[in-house]
């Protein structure tokens, strides 16, 4: 039973990461409700605001999502008139995603969200950047 301390919840790194991800995602909900998108849809939109016209596979790579998860999400965004999906002429197996004018305009409203989240969390920018850097180091080790 000497190793039982290793199994205590308070000694796990995964648990606080799980809880903080869940709680922070929850903080986004009221702000995203105002612009009528979900958190996963917001992630897709951020990728497209950065690089419009990406293939579905590239969006999936950036967000660590498979096409089975991404396709229904994209369909919902398309039904809202925020994006368009088009098959690439050179290779019809490739579906590219483009922002509509409404999708581009949504970016203006979304620009306020990161600041609102940081205000709600109440942590200094420097501390958040350090946390992000540490998490990215861990992720790079896991991805190898």
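The values are calculated or read from the model by the stated rules, or taken from the named source; none is laboratory data. These numbers were taken from a predicted model, which means no experiment stands behind them. Please note: Cβ atoms are built from the backbone with ideal geometry, for glycine as well, and neighbour counts cover all protein chains shown.
Highlighted here are the helices (runs of 4 or more DSSP H) found entirely within the stretch 1-75 that include at least 2 residues which are crowded, with 16+ Cβ neighbours inside 10 Å, out of contact with any strand residue (DSSP E or B) (no Cβ under 9 Å at 6 or more places or on another chain) and touching a residue at least 24 places away in the same chain (Cβ under 8 Å): 14-34, 39-50. From the list 80, 88, the one residue that fits, being more than 17 Å from the chain's Cα centre (by Cα) and at pLDDT 95 or above, is 80.
When restricted to residues that are in contact (Cβ under 8 Å) with a residue 40 or more places away in the chain and closer than 18 Å to residue 20 by Cβ, the stretch 102-120 contains 4.
Here the condition is being out of contact with any helix residue (DSSP H, G or I) (no Cβ under 6 Å at 6 or more places or on another chain) and within 30 Å of residue 143 (Cβ to Cβ); of 63, 70, 131, it holds for 131 alone.
Just checking, how many residues over the stretch 90-112 are in a strand (DSSP E or B) and either in contact with a helix residue (DSSP H, G or I) (Cβ under 7 Å, 6 or more places away or on another chain) or loosely packed, with under 10 Cβ neighbours inside 10 Å (or both)? Even if it seems obvious, please write down each step before you answer.
First pass over the stretch 90-112, keeping only residues in a strand (DSSP E or B): 95-99.
Now restrict to residues that are either in contact with a helix residue (DSSP H, G or I) (Cβ under 7 Å, 6 or more places away or on another chain) or loosely packed, with under 10 Cβ neighbours inside 10 Å (or both): 95, 97, 99.
Adding up the residues that qualify gives 3.
With the condition kept exactly as written, say whether any residue in the stretch 129-142 is closer than 22 Å to residue 40 by Cβ and in a loop (DSSP other than H, G, I, E, B). No, the stretch 129-142 contains no residue that is closer than 22 Å to residue 40 by Cβ and in a loop (DSSP other than H, G, I, E, B).
Of all the numbered requirements in (1) under 20 Å from the mean Cα position of the chain (by Cα); (2) within 23 Å of residue 36 (Cα to Cα), residue 101 misses one, and that requirement is (1).
Might you let me know whether the stretch 77-89 holds any residue that is free of Cβ contacts under 8 Å to residues at least 12 places away in the same chain, in a helix (DSSP H, G or I) and within 19 Å of residue 40 (Cβ to Cβ)? There is at least one residue in the stretch 77-89 that is free of Cβ contacts under 8 Å to residues at least 12 places away in the same chain, in a helix (DSSP H, G or I) and within 19 Å of residue 40 (Cβ to Cβ).
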